[in-house]
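Every number here is computed from the coordinates shown, using simple stated rules; none is lab data. What you see is a predicted model; the values in this text were computed from it and never measured. All Cβ positions, glycine included, derive from the backbone under ideal geometry; neighbour counts span all protein chains shown.
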Amino acid sequence: MRSSSTRPAICHVEMAIAALQAGKHVYCEKPAGITPESINRLVKAVRASDRVFCIGQQMRSYVGLNRVVARLQRRHCRGHRHG
């Protein structure tokens, strides 16, 4: 069963720790935490679990990046048919 939640960065550490303790794998949007102390707590929780913890950054909604990707796709795909 998958679960996702969108919360402010200040909540990431507590939510990630709770999920790890509940036996869930965690994909956490960056920043994982906002203080060195919170990051240390999170690292300890990850090491104490047998779950996968991954931190990443989604930029799908970043308008500038979307424009660059679209431009590159148009340039690269000119004259090519996909299907």
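If each of Ala9 and Arg51 carries a label point 7 Å out from its Cα toward its Cβ, how far apart are those two points in nm?
Spacing of the two 7 Å Cα→Cβ label points: 2.3 nm.
Can you put Glu37, Glu14 in order of Cβ neighbours within 10 angstrom, beginning with the fewest?
Placing the least packed residue first, the sequence is Glu37, Glu14.
Taking H as built 1.01 Å from N, whose amide H comes closer than 5 Å to the amide H of Ile55, not counting residues under 5 places away?
Under 5 Å from the amide H of Ile55: Cys28.
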